[in-house]
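Notes follow once the structure below has been shown.
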Amino acid sequence: MLRAFFVGLSENATLRSFAERSSLGNRFSSRFVAGTEISDAVRATQAINRGGMSVTIDNLGENVTNPDEARHSAQLYRQILDAIVANNLNANISLKLTHMGLDVDEKLAREIVSGLVAKAASMKPPSFVRVDMEGSPYTQRTLDFVHELHRMAGNANAVGTVIQAYLKRSESDIEKLLAERIRIRLCKGAYKEPPEIAFAAKSDVDANYVKLMKVLMKSGIYHGLATHDENIIRQAEAFARREKISPDSFEFQMLYGIRRDLQQSLVRHGWRVRVYIPFGSEWYPYFMRRLGERPANVFFVLRNFLRA
Ligand code: FAD
């Protein structure tokens, strides 16, 4: 219930505009957001890289409302790719199609994202664009988009997407992605979805995650297992050992500021870990979804704030 409450809050435009403009809001969000500027993301990435982990950088934003905003988002992502090269970062980028204008002008979004993928593919060393998955109205459109991008010449290793274990359709989506050798990030799913299309019980989501995770790990394609769920992570480790799956053939992925202890201990045990670093001024929906995932976060953020 609390999760649904915060997902509801994450969609509230009035609260969003108030929060993102207030310095108080910016202080609260710093628990999960690296800062507002590219230089903040670069600094955070360097620190994570020093800890033996790779990074994916996300410029926060979703649902732009006009082509200029979409072009501006694209420009920022180009600058991030340049910053990755200039600072020799072990990082790639994650983006949302609605941030690139999907709802405003699909043709423009296509141009923007294919340009970014082409730029990532041509970098030395080559980088990678992860297309994040949004709420279910975007699932099919996102998958179609990624299949199309992946088929373009030179893009095969430079673009991938995300599958949400809470959706009942995910097993069949994975089959189609694997048939084209498209890299997948598996997560549980962060949006509010109706029970007709999504598993409602956490135990069912977790069971589906583990089932899909095993399919990905056996596929011979490099995937990301995005979760902070220690129980699932232990099952992945045991499965890899049992099936003799090399630790270099997949990676765990976690969000910036969440379970840093677990991130570091996985690295110490020889597993690959990538940290998702979000930055930017449009942090409100992302931050609210994180609060809703764990009630203790609300108290954690408040306590740190009162201490400061
Ligand atoms: P949960 O069962 O939610 O949590 C397991 C344990 O992890 C909790 O008990 C707690 O100890 C810890 N934990 C989880 N969340 C938090 C938190 N916010 N704060 C503190 N501790 C926490 N979702 C999408 O829908 N689309 C995406 O494209 C997407 N990309 C993602 C990329 C990455 C790298 C990651 C890690 C997640 C992504 N997600 C995405 C979010 C994901 O769907 C889940 O909402 C989120 O990861 C919480 O699920 P969990 O697997 O950690 O398991």
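Structure summary
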read-out	value
Scan of region 181-200 for residues that are basic (Lys, Arg) and either away from the ligand (no atom under 14 Å from the Cβ) or closer than 23 Å to residue 285 by Cα (or both), ordered by number	181, 185, 188, 192
In region 10-25, residue nearest to residue 195 (Cα to Cα) [restricted to those that are open to solvent by less than 40 Å² (accessible area, probe 1.4 Å) and touching a residue at least 60 places away in the same chain (Cβ under 8 Å)]	10
Condition broken by residue 251, with the remaining ones in (1) open to solvent by 40 Å² or more (accessible area, probe 1.4 Å); (2) within 14 Å of the ligand (Cβ to nearest atom); (3) among the acidic types (Asp, Glu); (4) in contact (Cβ under 8 Å) with a residue 12 or more places away in the chain satisfied	(1)
Options 34, 70, 86; residue that is of a type in the set (Gly, Ala, Ser) and within 21 Å of residue 149 (Cβ to Cβ)	70
Residue within region 138-156 that is out of contact with any helix residue (DSSP H, G or I) (no Cβ under 9 Å at 6 or more places or on another chain) and not in a helix (DSSP H, G or I) present	yes
Given (1) touching a residue at least 40 places away in the same chain (Cβ under 8 Å); (2) under 15 Å from residue 281 (Cα atoms); (3) part of a helix (DSSP H, G or I), index of the condition residue 77 fails	(1)
Matching option when the condition is touching a residue at least 60 places away in the same chain (Cβ under 8 Å), more than 13 Å from the ligand (Cβ to nearest atom) and either open to solvent by 70 Å² or more (accessible area, probe 1.4 Å) or not aliphatic (A, V, I, L, M) (or both), among 280, 220, 292	280
Residues being under 14 Å from the mean Cα position of the chain (by Cα) and under 20 Å from residue 39 (Cα atoms) - total across region 270-282	6
Identity of the residue in region 152-168, farther than 22 Å from residue 232 by Cβ and modelled with pLDDT of 95 or more, that ends up surrounded by the fewest Cβ atoms within 10 Å (Cβ to Cβ)	158
Test result for residue 30, under 14 Å from residue 277 (Cβ atoms) and at pLDDT 95 or above	no
Options 81, 95: the member that is in contact with a Lys or Arg (Cβ under 8 Å, 6 or more places away or on another chain), open to solvent by less than 20 Å² (accessible area, probe 1.4 Å), closer than 18 Å to residue 117 by Cα and away from the ligand (no atom under 15 Å from the Cβ)	81
Region 169-186, residues that are surrounded by fewer than 19 Cβ atoms within 10 Å (Cβ to Cβ) and in contact (Cβ under 8 Å) with a residue 40 or more places away in the chain	171, 178, 181
Single residue of region 160-173 satisfying the filter (out of contact with any Ser or Thr (no Cβ under 9 Å at 6 or more places or on another chain) and away from the ligand (no atom under 13 Å from the Cβ)) that is nearest to residue 201 (Cα to Cα)	168
Which numbered condition residue 35 fails, given (1) closer than 24 Å to residue 226 by Cβ; (2) in contact with a His (Cβ under 7 Å, 6 or more places away or on another chain); (3) outside any helix (DSSP H, G or I)	(2)
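The values are calculated or read from the model by the stated rules, or taken from the named source; none is laboratory data. Here the structure is a predicted model, which is why all the values come from computation and not from measurement. For neighbour counting, all protein chains shown are included, and Cβ atoms are generated from backbone atoms with ideal geometry for every residue, glycine included. These accessible areas exclude ligands, DNA and RNA; they are computed on the full protein's heavy atoms, side chains included. Shrake-Rupley method; radii C 1.70, N 1.55, O 1.52, S 1.80 Å.
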